[in-house]
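**Q** Dropping the structure in here first, questions after.
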Number of protein chains: 2
Amino acid sequence: MFRTHTCGELGLANLNQEVTLAGWVQTLRKFGSITFVDLRDRYGITQLLLDETQHSSLAGSPLGREYVIQATGIVSERSSKNLQIPTGEIEIKVGKIVILNKSVTPPFTIQDDTDGGDDLRMKFRYLDLRRQVVKKNIELRYAVNRAARNYLHQKHFIDIETPFLIKSTPEGARDFVVPSRMNAGQFYALPQSPQTFKQLLMVSGYDRYYQVVKCFRDEDLRADRQPEFTQIDCEMSFIEQNDILEMFEGLIKYIFKEVKGIEYKGEIERMTWEDAMWVYGNDKPDIRFDMKIANLKSPIKRKGAVEAGGWIIANAGFPVFDNAETVLAISVPGGATWTRKQFDELTDWVKRPQIGMQGLVYIRYNEDGTIKSSVDKFYSEEKLLSIASYCQSQKGDVILILAGREEKTRKAISDLRLELGERLGLRKKDEYTLLWVLDFPLFEYSEEDNRWVARHHPFTAPKPDQISTMINHDPVISNPELYLEHPYANIKANAYDMVLNGNEIGGGSIRIYQRELQEKMFDALGMTREEANHKFGFLLGAFEYGAPPHGGIAFGFDRLCAILGGSESIRDFIAFPKNNSGRDVMLDAPSTIDEKQLRELFIEIRTEK
Amino acid sequence: MFRTHTCGELGLANLNQEVTLAGWVQTLRKFGSITFVDLRDRYGITQLLLDETQHSSLAGSPLGREYVIQATGIVSERSSKNLQIPTGEIEIKVGKIVILNKSVTPPFTIQDDTDGGDDLRMKFRYLDLRRQVVKKNIELRYAVNRAARNYLHQKHFIDIETPFLIKSTPEGARDFVVPSRMNAGQFYALPQSPQTFKQLLMVSGYDRYYQVVKCFRDEDLRADRQPEFTQIDCEMSFIEQNDILEMFEGLIKYIFKEVKGIEYKGEIERMTWEDAMWVYGNDKPDIRFDMKIANLKSPIKRKGAVEAGGWIIANAGFPVFDNAETVLAISVPGGATWTRKQFDELTDWVKRPQIGMQGLVYIRYNEDGTIKSSVDKFYSEEKLLSIASYCQSQKGDVILILAGREEKTRKAISDLRLELGERLGLRKKDEYTLLWVLDFPLFEYSEEDNRWVARHHPFTAPKPDQISTMINHDPVISNPELYLEHPYANIKANAYDMVLNGNEIGGGSIRIYQRELQEKMFDALGMTREEANHKFGFLLGAFEYGAPPHGGIAFGFDRLCAILGGSESIRDFIAFPKNNSGRDVMLDAPSTIDEKQLRELFIEIRTEK
């Protein structure tokens, strides 16, 4: 050992002990013939006091920032204490100092508020990782990992490793593939998830499985996506939906407790997908604040459970509302006193290309009970009051109304709601609110191929009472115009997403475990029987030998860590992330390989596309 | 939940309770109108008793083996108890039975002694995994995983995930590569180990790192190798060799305790590589038994620490010994009474092509003190007695002697020693003996390229007192004939292997952390500076910014589990292994991929080789 103690553990209890520390020079401060060195390691910072003797021992090779040194000395009480840090009451009067390794000047400062830009920090990620803020993230990630494992272990889940070199069965996202040297012209694929393997493990009787596992998707990268990412992947047998929800509420609550010291209180709300879409405008609502969406016009496409207020705004001669497919409103507390300038700014905000609305209608419901709107020409005070009443507005609120095509308007009002939640400080960083979203549609319609696609994945079961609908109808869509009238359009999935503060942190489903139903699903997705057998024959086969009812869930581990760490970016929680072009700029990967390697793999670089 | 209890937990304490179980039909036994069903799940087996009523409820759809059923009934005391299993005192008098899923007849019996051959079991691995013997292995693997993590956590190691899509830097084994869609003509590589990343984490100050991590090597597969395998990968900073040895002795002892209930007693022996090679004939000796090798002739190539007995056998006119490069002997307890037939069989054994010796000389040192040999013509009784004395033989032993080329003879006597250890029952399954092998040569000589190759890997440091030898000499070998006289030939690595019962279970080293030394290493391996920078520039760069002294170790997790499970084959401990051609026969992977996929990746299949 190069040390007797770490830089995080010495205090007044150690006074007069001789100790040896090793670490990095964080700062150097000279005062005449003495120098103070802040010595840093993973565990903390300890102040060293170097006198004339040590200086001369370093003659010709003075210390610098980020030098690695070993210092032996006596623990002494500081004259000016720093009570901000655990070791701040002592310093080491150094008797001997050894430089273990030198450092050239780092390309950016190793501090929380570094002067290094993103590219530079990624290139020198090994230096970026030294910064306290980054280290905290990596440590938090480990704490989450550990807590998840401990909980799952207590619940009798076992970690079983599934293979990384598997078969390419692209369905949804693109696979990364690996050419095989021993099987000319053939390729492995890297798993997008261990989905089929964990199902096979249920068929094998393993009952409760988990894995914290890398997955791979070769997708065009958006700001916060990585080609390789980590899931907490779980599966259980002999369960129904409610068993899964309870088990994994428990997991997340346990993680909150262990990692954040937060006792998560209260029931976790369960909301149907339909409600989430109509009341919050998206399928992962942030329910830390209310500001629910009022639907002022009957939905045209779908008849959902949400009552619509079409009658209120109809027949007023306001063409924008009359012609709109959808009219949606939110009621913003305190907004009645906003200035004209503020409304103009907000109108510009909804007109930005990212939102794409034509305009914004507002109704001020003043504290004194009067009501004024930007559409007074069309709506009487009485009418406005009944709109306010329908929107459950309070005096002092402003009602903001958007109108347009259904999907776009819903997305816009959802974005507006989140923006206002943010501006009004309703999305509190230290408040965590969980939510289950349930009953997703099993299928989405693909216009391009005139067939169904699985909204979740092809192994998700329909709700138990809709299995017969699925079995007893032909999935073929004879008239594309009327696809919404096909019985498959209304089948709900036995699936669930866990949402935390407006982010989907996990999702899963009860699985199909009957060969007949699984084949019907593949039919619906437009796969021929041959294709289904070629790709998933092993799973269809497995279902013939006594497959138990089963289901599971996978949590996006990177995102969960980011949210718990109070960050927007998953990259901050990955030790060695890739950039938006999928490159590791530190390694400079990917890179070219030798012709010899290509030859061995029976492939060549394509010259024409 | 489909059950109130599992099949492993009910006993007399539950008498008269109504319970619901779910699981697989292991066996069906009919006695007139009643049927006994052994119901199996992950946790055990419980006997169900079905009477006439249940039978009629299943009318038209009788039960079969491996059916998945749910049964509700009353816990009752059995008339004939089976005390071999925890649930053997009770049975369930079933009131209601539901078939959850049917099963066709499995292709082999789901029993410990199955009738299924290897190929069939691999194709239907999901059924093979149901067998109790296989399940035990998978559960043991999890227990080892869990124990390792718990120990390392207690010791302040943290699990940090390293990337899977990295850069191809083939050095030693072949990389698996992954074509990049976003970077035409470029490839990622899958990691052969996280070696450079864990070193970077030490440079970043993480101090103690671990990971249970998949690694990939595209090698021709020998019987017990897999293209993807798992390591327990660890690294520490500010340590010296002894710190690592103590830390990881602790790990393995902890695993023994937690997983096998074995309190490992006594010191763990530490042996130099030189000693291992001369005293046991290989670098991973099984020291559960003695039978050390006596070296009857001075080693020609190397002068090691082992005293040689060349004087005893010299000048006797026996041309086999006189002409042999090496003459090695072992002394086998009780062998003096072996029959002529037994010696003939053993002679045939060493003459087999796998061993390849010309013959076997033996000396019987009888209980009565007389001594007789197969070479009496050349050696007097007195001479034989002095050979026996040199070999430290006891009365009743037989001395077996092999002669020939050094390497071959050493390997042969080592194989013979292990074979006899096996035959004499000295390699006890339930006895575990650990050993550290130290001081490996840093370099091996590559005749093909007339240069040095790293025996361990290019990041291993020489022993501290040999760093200057390495720095101060030119690695170029001017005269290939005399490579043994080059100063590099005698440099020992600061490396260590952990050996368990004759198997290498882990290995590691103290690493180079100085740029100058690392560059010298790359020089020695025949890399140009450009090449070194292209491949490992990030690491060389990192060493300039304050790299701490560090070192680590990696354990072969698959093998460790196999040994602890008492098996020779790692495949038995991998849920979904590949066969010797690297194929997953269950998935039928690798497989061809679409032309569209190839195009997107800018590659095509090579038609000529």
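The values are calculated or read from the model by the stated rules, or taken from the named source; none is laboratory data. On a predicted model such as this, the values are computed, not experimentally measured, just so you know. For neighbour counting, all protein chains shown are included, and Cβ atoms are generated from backbone atoms with ideal geometry for every residue, glycine included. Surface accessibility is based on the protein's heavy atoms, side chains included, excluding ligands, DNA and RNA. Shrake-Rupley method; radii C 1.70, N 1.55, O 1.52, S 1.80 Å.
**Q** If you fit an axis through the alpha-carbon atoms of helix A:529-542 and take the longest principal axis of the Cα set of chain A, what angle between them do you get, 0 to 90°, nearest 10?
**A** 60 degrees
**Q** For each pair in B:Lys265/B:Lys429; A:Lys260/A:Lys284; B:Lys260/B:Lys428; A:Lys123/A:Lys260; B:Lys136/B:Lys253, compute the distance between the two Cα atoms and list the pairs where it is over 26 Å.
**A** A:Lys123/A:Lys260
**Q** Here is a further query. Over segment A:12-101, what is the relative contact order in whole percent, taking alpha-carbon pairs under 8 Å and six or more residues apart? Spell out each step's value before the answer.
**A** Working: 194 pairs, mean separation 30.2, N = 90.
34 percent.
**Q** Working from Cα positions, state the angle (0 to 90°, nearest 10) between the long axis of helix A:340-351 and the longest principal axis of chain A.
**A** 80 degrees
**Q** Next question. Keeping all protein chains in place, calculate the accessible area per residue for chain B (probe 1.4 angstrom), answer in Å².
**A** Values: 24980 Å² over 609 residues.
Ligands and nucleic acids excluded, the figure is 41 Å² per residue.
**Q** Moving on to the next point. Near the amide H of B:Glu269, under 5 Å away, which other amide H atoms are found, from residues 5 or more places off or on another chain, if H is placed in the peptide plane?
**A** Those lying under 5 Å, H to H, from B:Glu269 are B:Trp436.
**Q** Can you give me the relative contact order of segment A:154-245 as a percent, contacts being Cα pairs under 8 Å and 6 or more apart?
**A** After rounding, I find 27 percent.
**Q** Sticking with this structure for a sec: Quick check: the distance between the Cα centres of segment B:98-152 and segment B:267-282, to the nearest angstrom?
**A** 38 Å
**Q** Over all distinct alpha-carbon pairs, what is the Kirkwood Rh of segment B:64-160 in angstrom? All intermediate terms of the calculation are to be shown ahead of the outcome.
**A** Working: mean 1/r = 0.0578 Å⁻¹.
For segment B:64-160, the Kirkwood estimate is 17.3 Å.
**Q** Amide H to amide H, which residues 5 or more places from A:Asn101 or on other chains are under 5 Å from it, using H placed in the peptide plane?
**A** Amide H to amide H, under 5 Å and 5 or more residues apart or across chains, A:Asn101 pairs with A:Val68.
**Q** Output ³J(HN,Hα) for segment A:107-123: one whole-Hz value per residue in order, computed from phi by the Karplus curve 6.51 cos²θ - 1.76 cosθ + 1.60 with θ = phi - 60°, and x for Gly and Pro.
**A** Once rounded to whole Hz, the list reads x, 8, 6, 8, 9, 4, 9, 6, 8, x, x, 4, 4, 5, 5, 6, 5.
**Q** Which parts of segment A:1-31 would a label at A:His55 reach, counting a residue when its backbone N lies under 11 Å from a point 7 Å out along Cα-to-Cβ?
**A** Hits in segment A:1-31 for A:His55 at 11 Å: A:30-31.
**Q** Calculate what fraction, in whole %, of the accessible area of chain B sits on carbon and sulfur atoms when a 1.4 Å probe is rolled over the protein chains.
**A** Numbers: 11740 of 24980 Å².
C and S atoms contribute 47 percent here.
**Q** To the nearest 0.05, how large is the calculated FRET efficiency for A:His156 and A:Glu240 if R₀ is 25 Å and r is the Cβ-Cβ distance?
**A** It comes out at approximately 0.90.
**Q** Within the set B:Lys135/B:Lys408; B:Lys292/B:Lys383; B:Lys30/B:Lys135, which residue pairs have Cα atoms separated by over 30 Å?
**A** In this structure, B:Lys135/B:Lys408 exceed 30 Å between Cα atoms.
**Q** In a shell of Cβ-Cβ distance under 13 Å around A:Trp24, excluding A:Trp24 itself, what net charge do Lys and Arg (+1) and Asp and Glu (-1) give?
**A** Taking every other residue near A:Trp24 into account, the sum is +4.
**Q** In angstroms, what radius of gyration and Dmax does chain B have, counting Cα atoms only?
**A** 30.3, 93
**Q** Let me ask something additional. Check A:Thr460: other-chain or 5+ apart residues with amide H under 5 Å from its amide H, H built from backbone geometry?
**A** A:Ile512
**Q** Sticking with this structure for a sec: Within a Cβ distance under 12 Å of B:Cys391, other residues only, what is the Lys/Arg minus Asp/Glu net charge?
**A** -1
**Q** How far apart are the A:Lys81 label points across copies, placing each 7 Å from Cα toward Cβ, in nm, shortest first?
**A** So the distances to the same position in the other copies read 6.7 nm.
**Q** Work out from phi, with θ = phi - 60° and the Karplus expression 6.51 cos²θ - 1.76 cosθ + 1.60, the ³J(HN,Hα) of each residue of segment A:127-144, listed in order in whole Hz, and give x for Gly and Pro.
**A** These are the phi-based 3J(HN,Hα) values: 8, 4, 5, 6, 5, 3, 5, 6, 4, 4, 5, 5, 5, 4, 4, 5, 4, 5 Hz.
**Q** Taking A:Lys198 as the anchor, which aspartates and glutamates have their alpha carbon closer than 13 Å to its alpha carbon, excluding any fewer than eight residues away along the same chain?
**A** A:Asp159, A:Glu161, A:Asp207, A:Asp233, A:Glu235
**Q** Something else: Once every Cα of the protein assembly as shown carries one equal point scatterer and solvent is ignored, give the base-10 log of I(q)/I(0) from the Debye formula at q = 0.07, 0.08 Å⁻¹, two decimals.
**A** -0.87, -1.09
**Q** Now, a different point. Cα gyration tensor of segment B:289-427, axes a ≥ b ≥ c as square roots of the eigenvalues: rounded (a/c below 1.5), prolate (a/b > b/c) or oblate?
**A** Verdict is rounded for segment B:289-427.
**Q** Run the dipole for chain B about the Cα centre, Lys and Arg Cβ at +1, Asp and Glu Cβ at -1, nothing else charged, and hand back the magnitude in debye, nearest 20.
**A** With Lys and Arg at +1 and Asp and Glu at -1, about 1380 debye.
**Q** Find every distance from the label point of A:Arg405 to the corresponding label point in the other copies (7 Å from Cα along Cα→Cβ) and write them in nm, one decimal, shortest first.
**A** 7.8
**Q** Another one. With +1 on each Lys and Arg Cβ and -1 on each Asp and Glu Cβ, and nothing else charged, work out how big the dipole of the protein assembly as shown is about its Cα centre, in Debye to the nearest 20.
**A** Its charge dipole is roughly 700 debye.
**Q** Filter A:Lys341/A:Lys377; B:Lys297/B:Lys351; B:Lys214/B:Lys578 down to the pairs with a C-alpha to C-alpha distance above 19 Å, please.
**A** Over 19 Å Cα-Cα: A:Lys341/A:Lys377; B:Lys297/B:Lys351.
**Q** Okay, next question. Would you kindly derive the ³J(HN,Hα) couplings of segment B:386-401 from the backbone phi angles with the Karplus curve 6.51 cos²θ - 1.76 cosθ + 1.60 (θ = phi - 60°), listing them in order in whole Hz, with x for Gly and Pro?
**A** Values, residue by residue: 6, 5, 4, 5, 4, 7, 6, 6, 9, 4, x, 7, 10, 9, 9, 10 Hz.
**Q** Also: Which distances, shortest first and in nm, link B:Ala13 to the matching position in the other copies, using label points set 7 Å out along Cα to C-beta?
**A** Spelled out, the distances from B:Ala13's label point are 4.1 nm.
**Q** To check you understand DSSP bridge types, tell me what percent of the beta bridges within segment A:49-134 (both residues inside) are antiparallel, rounded to 5.
**A** 90 percent
**Q** In segment A:205-241, which residues give up 20 Å² or more of accessible area once the other protein chains are added, compared with their chain alone (1.4 Å probe)?
**A** A:Gly205, A:Tyr206, A:Asp207, A:Arg208, A:Lys214, A:Phe216, A:Asp218, A:Asp220, A:Glu228, A:Phe238, A:Glu240
**Q** How far apart, in nm, are the 7 Å Cα→Cβ label points at B:Asp474 and A:Ser389?
**A** Taking the two extended label points, one gets 10.1 nm.
**Q** What are the semi-axes of the equivalent ellipsoid of segment B:12-101, taken as the square roots of 5 times the eigenvalues of the Cα gyration tensor, listed largest first and rounded to whole Å?
**A** 19, 14, 13
**Q** Rounded to the nearest 0.05, what FRET efficiency do B:Leu15 and B:Asp118 have when you use their Cβ-Cβ distance and R0 = 51 Å?
**A** On the way: r = 45 Å, r/R0 = 0.88.
Efficiency, rounded to the nearest 0.05: 0.70.
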